[in-house]
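The structure appears right after this line, and notes come after that.
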Amino acid sequence: MTGRFREAYVAAQQHLREAPGDPAAVLVLAQIALEHENFAGADKLARLLRSSGYRDTWLDLIDARLALSRQDGAAARDAITQAAATGTDNPHLAAQIGVVLARTGLHAEAVRFSGQAVEGAPRNSGYRYNHAVELQFNGDLAAAQAQFEALVEMAPDHAQGWLALVGLSDDPPVAWRETLEALFARTQETETRLICGHALARWHESHDEWEQSFTWLERAKGRKAREVAHDRAQAEGLFSAASAAADGSFPTVADQIDARPIFIVGLPRSGTTLVERIVAAHPQVKSLGELSEFGIALKRQLDTPGRHVLDEPLLKAATEVQDLGPVGREYLRIIAGLAGDAAVFTDKMPFNIFYAPAILRALPEARIICLRRSPFDVLFANFRQLFATGFSYYSYAYDFGDTAHFVGQFEMLCDRFAETLPMDRFRVQYYEDLVAGQEAQTRDLIAFCGLEWDDACLSPQSNRQAVATASAVQVRAPVHARAVDRWKRYGAAADRAVEELGRYGIAPPGA
């Protein structure tokens, strides 16, 4: 499919009048229904084709996308794995296969198909961007930079390409800044201005111009902050419900479940990816990336109202259920295709912190590592990060005060969990301690996970597993402490941070 849906629809209907039931025409109609989010119609047509014995790579792709619409990651991975195994010589189909492989966490497989799409349709900027991102996730940073450079040469107004390119460059040239400033000035589109502003902030950071960087962040985020209208009361309700769930008893580590999940949680940009790379460097551990599957399993089993997977009613409902074992079993079923034969695996979704009590009750073999970082550093790290704009849980990050409020609530929740959750299953890991004393802290981490020591855990930069997070570039370097106390570089904005976090009883070190 190339996006000419009306023409394709008319042609398919005409063909079906001449050849009733022809599967190729039905397949086209199913794809069109899917593109227009008519999931029921697409599913009906796909089932019709399957029942007739029809097999096609496009149909496998449709099945995978329908499974994603149902939040059934296991079925989506099964279907897209079948599509990938069959393969295709159609660059447009290859592009879509690559996207779904990535969405299901199969980044090592996705890069082949995204590359095939670029080879077959080299002038398609979307395909080139996706391929560059997959190269970056898979650690081929030089190739990723080359693809981003080709992208912005071909499409000079591709703001996301510029943001990625600036982030990959150690010394971005002045010409890039001038191009971005011109693009920011001539567009009124909120998303483009947001992305350009972040790229300009990164440019100034790379030249140690920290106050200019902060100024660009505020310029870029202001309009978006007004549009999303972050609700602090709603955020407080979420933190309060998570805190209340820490009451009661928790099972001790037992042999009730064969698989041993290691959940790595905390605020974004607090060091969660670094810890994941350290633990997953162990030869017995497999990294599954950032998964939403525990929340999906909890929502599916408790069947609370509302469309959100993470909300206050779901967290409250989880505290009222005596046996969360079915949730744990559903979680393991969903992620089985990703975990494969690995008995120990990591799940690094930062916001799984809200589910921590439920995780410990649902999965008796699970351990949780909670990252904590200087509230001042993590405040700036979250504010400077451009999160997925369609993900409402990150709405706090468009306003500096809202971000400080969110950090303050997180600090209180962590204090509560550290006091109440079992120490043999919930470990607080301070980022600053880890980068200052890497070997001692890493040995403690590996022991906490119930693993024998392996020297590979001291070289997380050598871990070749894909990294699909904002830290995909940083974790390819050896462990360092250069980001500690970075907040102090922001001048007047650092003074604002002291004032904002002071509202929640948080003072800078030594104050």
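The values are calculated or read from the model by the stated rules, or taken from the named source; none is laboratory data. Bear in mind the structure is a predicted one, so any value in this text is a computation, not a measurement. Heads up, the Cβs are rebuilt from the backbone with ideal geometry, glycines too, and the neighbour counts pull from every protein chain shown.
Data for the structure
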item	result
Exclusive hit being touching a Lys or Arg at 6+ places or on another chain (Cβ under 6 Å), crowded, with 21+ Cβ neighbours inside 10 Å and at negative phi, set Ala342, Ala381, Ala356	Ala381
Only listed residue being under 30 Å from Gln461 (Cβ atoms) and buried (at least 17 other Cβ atoms within 10 Å of the Cβ), chosen from Val228, Val285, Val309	Val285
Residue, surrounded by the fewest Cβ atoms within 10 Å (Cβ to Cβ), within region 75-99, restricted to residues that are farther than 22 Å from Asp43 by Cβ, in contact with a helix residue (DSSP H, G or I) (Cβ under 6 Å, 6 or more places away or on another chain) and among the hydrophobic types (A, V, I, L, M, F, W, C)	Ala95
From Ser125, Ser240, residue being within 30 Å of Ala317 (Cα to Cα), at pLDDT 95 or above, polar (S, T, N, Q) and surrounded by fewer than 20 Cβ atoms within 10 Å (Cβ to Cβ)	Ser240
Long-range neighbours under 7 Å by Cβ, at least six apart or interchain, first residue free of Cβ contacts under 8 Å to residues at least 12 places away in the same chain within region 66-79, second part of a helix (DSSP H, G or I)	none
Residue in region 1-15 that is touching a residue at least 60 places away in the same chain (Cβ under 8 Å), part of a loop (DSSP other than H, G, I, E, B) and over 30 Å from Val309 (Cβ atoms) present	yes
Scan of region 261-280 for residues that are in a helix (DSSP H, G or I) and not hydroxyl-bearing (Ser, Thr, Tyr), ordered by number	Leu274, Val275, Glu276, Arg277, Ile278, Val279, Ala280
Helices (runs of 4 or more DSSP H) within region 49-117 that include 1 or more residues of a type in the set (D, E, K, R) and in contact with a strand residue (DSSP E or B) (Cβ under 7 Å, 6 or more places away or on another chain)	none
Filter result (hydroxyl-bearing (Ser, Thr, Tyr) and within 17 Å of the chain's Cα centre (by Cα)) within region 77-135	Thr104
Set Tyr54, Tyr9: member being over 33 Å from the mean Cα position of the chain (by Cα), modelled with pLDDT of 85 or more and surrounded by fewer than 18 Cβ atoms within 10 Å (Cβ to Cβ)	Tyr54
Given (1) without any contact (Cβ under 8 Å) to a residue 40 or more places away in the chain; (2) surrounded by 14 or more Cβ atoms within 10 Å (Cβ to Cβ); (3) more than 18 Å from Leu93 (Cα to Cα), number of the condition Gln31 does not satisfy	(3)
Residues satisfying the stated conditions in region 418-441, i.e. assigned to a helix (DSSP H, G or I) and under 25 Å from Phe354 (Cα atoms)	Ala418, Glu419, Thr420, Tyr431, Glu432, Asp433, Leu434, Gln441
Every residue from region 149-203 that is of a type outside the set (Asp, Glu), surrounded by 14 or more Cβ atoms within 10 Å (Cβ to Cβ) and not in a helix (DSSP H, G or I)	Ala155, His158, Ser169, Pro172, Thr187
Matching option when the condition is touching a Lys or Arg at 6+ places or on another chain (Cβ under 7 Å), among the β-branched types (Val, Ile, Thr), without any contact (Cβ under 8 Å) to a residue 40 or more places away in the chain and farther than 28 Å from Lys299 by Cα, among Val111, Val118	Val118
Entirely in region 310-381, the helices (runs of 4 or more DSSP H) that have 2 or more residues that are touching a residue at least 40 places away in the same chain (Cβ under 8 Å) and within 18 Å of the chain's Cα centre (by Cα)	325-339
